[in-house]
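No lab work stands behind these numbers, since they all come straight from the coordinates. Quick caveat: nothing in here was measured; it's all calculated off a predicted structure. We place every Cβ from the backbone using ideal geometry, glycine too, and count neighbours over all the protein chains shown.
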Amino acid sequence: MQRIGYAVGAALAGIVANASGFSEGLNREAAASVAGWLFLAFVPLGVLGCTAALRIAVPAMRPQEATS
């Protein structure tokens with residue numbers, strides 16, 4: 001499962017890089033532009049991952065109620 005995540009992430013990064021102009025040639029301006037777009041493209045996935053982790057972790061940290 002982890003390798004599938006790596007593959008999908010690399011594929012998405014390549015798509016974003018090519019769409020933002022990296023396929024036109026490698027120069028300083030293109031690299032700076034692509035870096036910004038790559039960061040912005042993956043921020044929502046990071047926020048989604050943190051939200052999912054908190055939803056999983058918070059119920060586990062709550063004290064259990066004693067049942068009689």
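Computed values, structure above
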item	result
Choice from Val58, Val47, Val16 with maximal GNM fluctuation in the chain (Cα, 10 Å cutoff)	Val58
Under Karplus coefficients 6.51, -1.76 and 1.60, residue-wise ³J(HN,Hα) of segment 47-54 in Hz, glycine/proline x	5, 4, x, 5, 5, 5, 5, 5
Convex hull projection area averaged over all views, the chain, Cα basis, nm²	6.6
Choice from Ala53, Ala19, Ala30 showing the highest fluctuation, given a GNM over the chain with Cα pairs closer than 10 Å	Ala53
Sites matching GluC sites (Glu not before Pro) across the chain that sit in DSSP coil, with at most 14 neighbouring C-beta atoms within 10 Å	Glu65
Sparsely packed chymotrypsin sites (Phe, Trp or Tyr not before Pro) within the chain, loop by DSSP, other Cβ within 10 Å at most 11	none
